[in-house]
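**Student:** Handing you a structure now.
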Amino acid sequence: MDEKLFQELIPLRHKLHANPELSGKETNTSKVIYTFLKTCTPTTLLTNIGGYGILAIFDSKKKGETILFRADMDALPITETNTFKHQSLTKGISHKCGHDGHTTTLLGFAKLLSKNPPKKGKIILLFQPAEETGEGANRVINDPKFKNLNPSYIFAFHNIPGETLHQVIIKKDSFTAAVKSIIIKIYGKNAHAAEPEKGINPALSISKIIQTFETLSNNHPKSENFSIITPIHITMGEIAYGTAAGYGELRFTLRTWTQEKMNILSSTIITILQKISIKHNVKIETEWTEEFKATKNNNDAINIILLAAKHQKLEVQLKKEPFKFGEDFGLFTQQFKGAMFGIGAGKHCAPLHNPEYDFPDKILPTTIQLFHQISLQLLN
């Protein structure tokens, strides 16, 4: 990748960073991506994939495998504290997970493909919306324009703050945890605070739920039975001192290393809530939200990444435990052969979802060339 392209991509990344958009609202981001992709002359360019997603297809028209590379494009509801020139121009919203950098990486790869198209098969570049809410991947997969593509392999990366700059981080099996959240609504009956026996207060049910869920947590990353149940929000009654509460609501986030463990934990939780409902004579309703499937890395895909990293003379870290964060690329890996890998964002890079975080431009060439090398290995 020549220096001219690198210098072209930096202001593009800064433009995306300065104009962040929340999940499902990536209208202008999509326009910027589309405008750039048109200069890369893909064989096919499709818009409005699963929302504001975009697909750029580079088709050799010759028999071969179909390789998909994915980047996310949405931002977070976080107020940026950085004061550099490309700081967020939108109050309360900023790119604090590096999706502006992930998108720019894939755009840089598109520019390389415009000059060096695949010799066989086809390459698909997916710019996916709504990753942060866990909704984007599902919408894309169920979009009729995506359903017939049937990729042979899928690849994605995530920048990893705190790790050596440019280092490739590999994890066999699960790369990221299975994550989902639950909303628990408890319906009792209001009463006068002087006569609580005439009502049904949800307080005891709430207390029992919190204590029981704590016993299900096993926050030991080296254990295959690792699980975390984190209380996120609790509310009960109203600030009315003459009235005993009749309604309560709790929200928790669940994390496990595998999808199988998540299914077991979810089932266990529902059983517990049913028993509490009966014991305390309350009605309990549940709703699951923001679900992220575990990113299950395929061994063949891992070997392809390792070979590409070796060819690019990049340092590799073989991680022992998955990352605890959720990533909706996991839904793709549940259905297609593929893998996600990390690229070190630097030891002193601020953490993800931190107001001071900013994607390091220095790793753009590293990942673009690694993506390109993966494609060469599979389609040359």
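The values are calculated or read from the model by the stated rules, or taken from the named source; none is laboratory data. The structure displayed is predicted, hence computed values, not measured ones. Here the Cβ positions follow ideal geometry from the backbone for every residue, glycine too, while neighbour counts run over all protein chains shown. The accessibility values were calculated without ligands, DNA or RNA, using every heavy atom of the protein model including side chains. Shrake-Rupley method; radii C 1.70, N 1.55, O 1.52, S 1.80 Å.
**Student:** Quick check: residue separation of residue 324 and residue 34 times 0.36 nm, minus the Cα distance between them. What number comes out in nm?
**Tutor:** 101.1 nm
**Student:** For residue 173 paired with residue 283, estimate the spin-label separation in nm (one decimal), with each label point 7 Å from Cα along the Cα-to-Cβ line.
**Tutor:** Once both label points are built, they end up 4.3 nm from each other.
**Student:** Under a Cβ-Cβ cut-off of 10 Å, what is the net charge of the residues other than residue 319 that fall near it, where Lys and Arg count +1 and Asp and Glu count -1?
**Tutor:** +1
**Student:** When the distances between all Cα atoms of region 174-296 are binned every 10 Å from zero, what whole-number percent does each bin get?
**Tutor:** 13, 41, 27, 13, 5, 0
**Student:** Too long at a 29 Å Cα-Cα cut-off: which of 62/147; 38/319; 185/293? Write out the running numbers ahead of the final one.
**Tutor:** Values: 62/147 21 Å; 38/319 38 Å; 185/293 24 Å.
In this structure, 38/319 lie more than 29 Å apart at Cα.
**Student:** At 1.4 Å probe size, with every protein chain present, just tell me what the per residue accessible area of region 1-91 comes to in Å².
**Tutor:** 50
**Student:** Now for a different question. Mean separation of Cα pairs under 8 Å and 6+ residues apart, divided by the residue count of the chain: what relative contact order is that in percent?
**Tutor:** Details: 886 pairs, mean separation 90.8, N = 380.
This gives 24 percent for the chain.
**Student:** Run the quick spin-label model on residue 89 and residue 224: label points 7 Å from Cα toward the beta carbon, then report their separation in nm to one decimal.
**Tutor:** Distance between label points: 5.3 nm.
**Student:** Considering all projection directions equally, how large on average is the shadow of the alpha-carbon convex hull of region 1-160, in square nanometres?
**Tutor:** It is 9.3 nm².
**Student:** Pairwise over distinct Cα atoms, reciprocal of the mean inverse distance: report the Kirkwood radius of region 296-350 in Å, one decimal place.
**Tutor:** Taking the inverse mean of 1/r over all distinct Cα pairs, region 296-350 comes out at 12.8 Å.
**Student:** When Rg is the radius of gyration of the Cα atoms in region 218-273 and Rh is its Kirkwood radius, what does Rg/Rh come to?
**Tutor:** Dividing the radius of gyration by the Kirkwood radius yields 1.17.
**Student:** At 1.4 Å probe size, with the rest of the protein present, what percent of the exposed accessible area of region 49-133 is carbon and sulfur atoms? Don't jump to the answer; show the numbers that get you there.
**Tutor:** Values: 1550 of 2930 Å².
Carbon and sulfur: 53 percent of the exposed surface of region 49-133.
**Student:** If you don't mind, another one. Lys and Arg at +1, Asp and Glu at -1: add these up for the other residues within a Cβ distance under 11 Å of residue 120 and post the number.
**Tutor:** Once all neighbours under 11 Å are counted, the net charge is +3.
**Student:** GNM, the chain, Cα, under 10 Å: largest mean-square fluctuation among 144, 129, 351?
**Tutor:** Sorting by GNM fluctuation, first place goes to 144.
**Student:** In addition: Given Cα positions, please report Rg to Rh for region 241-330, the hydrodynamic radius being the Kirkwood one.
**Tutor:** 1.22
**Student:** Which residues make up the longest stretch of the chain clear of chymotrypsin sites (Phe, Trp or Tyr not before Pro) that lie in a DSSP loop with no more than 11 other Cβ atoms within 10 Å, not counting the sites?
**Tutor:** Between the exposed loop sites, the longest stretch runs 85-240.
**Student:** Given R₀ = 56 Å, what would the calculated FRET efficiency be for residue 44 paired with residue 238, taking r from the Cβ atoms and rounding to 0.05?
**Tutor:** Step by step, r from the Cβ atoms, then E = 0.50.
**Student:** So if I take the centroid of the Cα atoms in region 145-219 and the same for region 3-78, what is the distance between those two points in Å?
**Tutor:** 30
**Student:** Whole number please: convex hull volume per residue of the Cα set in the chain, in Å³?
**Tutor:** Spread over its residues, the Cα hull of the chain gives 147 Å³ apiece.
**Student:** Which of 46, 37, 76 moves most in a GNM of the chain, Cα contacts under 10 Å?
**Tutor:** Largest GNM mean-square fluctuation: 46.
**Student:** Percent antiparallel among DSSP beta bridges with both residues in the chain, to the nearest 5?
**Tutor:** Numbers: 47 of 68 bridges.
Once the DSSP bridges in the chain are tallied, antiparallel ones form about 70 percent.
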